[in-house]
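Presented below is the structure to which this report refers.
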Amino acid sequence: MHDGTTTGGDRSGGAAERPAGFSLLSVVLPCYRLGPKIEANLARCAASLRAQGIPFELVPVDDGSGDGSDAAMARAAASLAAEGAAVRPVVLPRNGGKGAALVAGFRECRGSHVLLLDGDLELSPDDTGDFLRRMAKTGADVVIGSKMHPESRIDYPWRRRVASRVYYGLVKLLVGLPVHDTQTGMKLFTRKALGHAFDRMVTKRFAFDLEVLAILRDAGYRVAEAPIELDFTGKAGSLTLRNVRDVLVDTAAIFYRTRILGYYRSLDLRPMPSPPPSVTAVVACPAGSAMLRQCVDALADQRATCPSLEAIVLPDAPTGEAWPDWVREIPTGKVLPSEKRNAGIRAARGEIVAFLDDDARPLPGWLEHALPHFSDPAVGAVGGPAVTPPEDPFAAKMSGRVYESPLVSGGARRRYIPTAVQDEDDLPSCNLLVRAALLREIGGFKSENWPGEDTVLCLEIVHRRGRRMVYDPAAVAAHHRRPLFGPHLRQVSRYARHRGHFAKKFPETSRRLAYFVPSALLAGTAGTLACALLAPLARAFGALAAAGGGVLALYALAVLAASFSRNLRTWTWTAGGIAATHYAYGWNFLRGLFARSMPDGVRAFDHQG
């Protein structure tokens, strides 16, 4: 490491003033398809920091460029090492967006302070000393470059100036950030502040910078702005309609998480226990399949977080798969999923049993976010959302879109899209982790309650054993959907029949108003049609039919609004799916409500409903 003493480009006019606690500056440079230019840029950055007398390391991140950037970084690292500069290249196997690259670079860096600087050096590293001086003077935790700072020296196209000012107004309105420019690619953080933000990030691409600042604002970190020098002459830029749309979509999502959900404040991040608790993943399935292999492959990736992770696969008959040694296959014969899971509980060696369906797979960070909650002995179970995989076919994606609609799932919408950390009392077993000792104490799943045995298990954990069950939106699994319309509606009908029966049998979690609403809609529709048929007999029937028709018209408008998409096919399928789901659920809820015994309790299961 070289620590020079000359001033170079430091605007402070002398050796850079250091903020409190400063020892080393890590410069994280996200790079995408810069090719051999990255060598010159790293050399320029090192020379500038050396001239300013700033102890530094460079952490360039190749974001899956595939153009030789990784080799260029390696050459630069070797060359600069000979001059006493530390360069720690990070190479990502595939393009994940600027946000993902910055997070990966941060995980590798060692500095007390971190400068995020775009690898194309559109912004000059010569301003680094000024950023440090301003951090020291203001006591801020973050200093961001701002094109709108009165001291900034910029040559910027008018279109981009207008776009920046419009976006500033939008951000101030929606998110309330007290800064003028969130998107400039030069930002200085204390390590603590940036770590706090990165532990809570959701966005990885278009509005990444805004989300970092929104998280830190919510946590009370202080932000200051600094002038920059920017000459945009001759640069093509990327201000396209698609980019604008993507940024606006991400911005709206950050507004929702910040102002509506209070998501970032809800996170109760705990350190991973050391060593992590041992985990057994239990995967019930009818047979081997491509989806089952996907599930096991995704579990293999989780072993980086939890090396002791084992998996138990429970098909009807041997699959013939050559599983790795950490996977045990236990054929069970043709029995219900609850009986398969109980066999998995009996065979599990882990302290935590993680239940997954074979048509689900854990996403990166699943165990990393779920397991720390178990450091609280009051927590008996942890679950998370099961999102629709992007590779699902159109009809299956439409099923997911229906489930994600607030008109369909209401407060249970968090099962299908990430919301906020909260305590729960009813989560599905397609993504559920439970203490093994608690499962054995309860006696596992009750097969007579299929397909609602997970509802009964959760009720037992929370209401009868007094343990907490935490929903963590970052403990995500991807769950393949049954396609609209037939398989989706058959699944919904099963859910409704068991929920209707549970409204009598288990009122603690099933006798809730939301579950009765589709039946009320069905009854109202039937009553309106009956009154319309009887209208010729009495004026009162006509008035009732008109009133009912008005309510149904409002319902139709609500469905159309909730289903909106610029793609007409998506819009119509979603609207039809929401209405069909409501009526199928309403009818089958009543069937379950008036059934003498648990509906569907002896049927087998498959992936088609």
(request) Could you tell me which residue of the range 102-152 is nearest to the chain's Cα centre (by Cα), considering only residues that are within 17 Å of I54 (Cα to Cα) and among the β-branched types (V, I, T)? (result) V114
(request) Please list, ordered by first then second residue, the pairs with beta carbon atoms under 7 Å, 6 or more apart or interchain, first in the range 270-293 and farther than 23 Å from E339 by Cα, second among the aromatic types (F, W, Y) and in a helix (DSSP H, G or I). (result) P277/F374
(message) On the basis of being within 26 Å of M135 (Cβ to Cβ), in contact with a strand residue (DSSP E or B) (Cβ under 6 Å, 6 or more places away or on another chain) and either not assigned by TED's automatic domain parsing to the domain that holds D118 or not hydroxyl-bearing (S, T, Y) (or both), does V91 make the cut?
(response) no
(request) Please give the number of the condition A561 fails out of (1) surrounded by fewer than 16 Cβ atoms within 10 Å (Cβ to Cβ); (2) in a helix (DSSP H, G or I); (3) more than 32 Å from the chain's Cα centre (by Cα). (result) (3)
(request) Please determine, by comparing only the residues of the range 32-69 that are part of a strand (DSSP E or B) and among the charged types (D, E, K, R), which one is nearest to S124 (Cα to Cα). (result) E57
(message) Show me the helices (runs of 4 or more DSSP H) found entirely inside the range 478-544 where at least 3 residues are crowded, with 19+ Cβ neighbours inside 10 Å.
(response) 486-505, 513-534
(message) If I ask for residues that are touching a strand residue (DSSP E or B) at 6+ places or on another chain (Cβ under 8 Å), under 26 Å from D392 (Cα atoms) and either surrounded by fewer than 22 Cβ atoms within 10 Å (Cβ to Cβ) or in contact (Cβ under 8 Å) with a residue 60 or more places away in the chain (or both), which ones from the range 302-326 would you list?
(response) Q302, T319, E321, W323
(message) Residues that are at pLDDT 80 or above, not charged (D, E, K, R) and not in a helix (DSSP H, G or I): does the range 227-246 have at least one?
(response) yes
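The values are calculated or read from the model by the stated rules, or taken from the named source; none is laboratory data. All values reported here derive from a predicted model rather than from experimental measurement. Methodologically, a virtual Cβ is constructed for each residue, glycine included, from the backbone with ideal geometry; neighbour enumeration extends over all protein chains shown.
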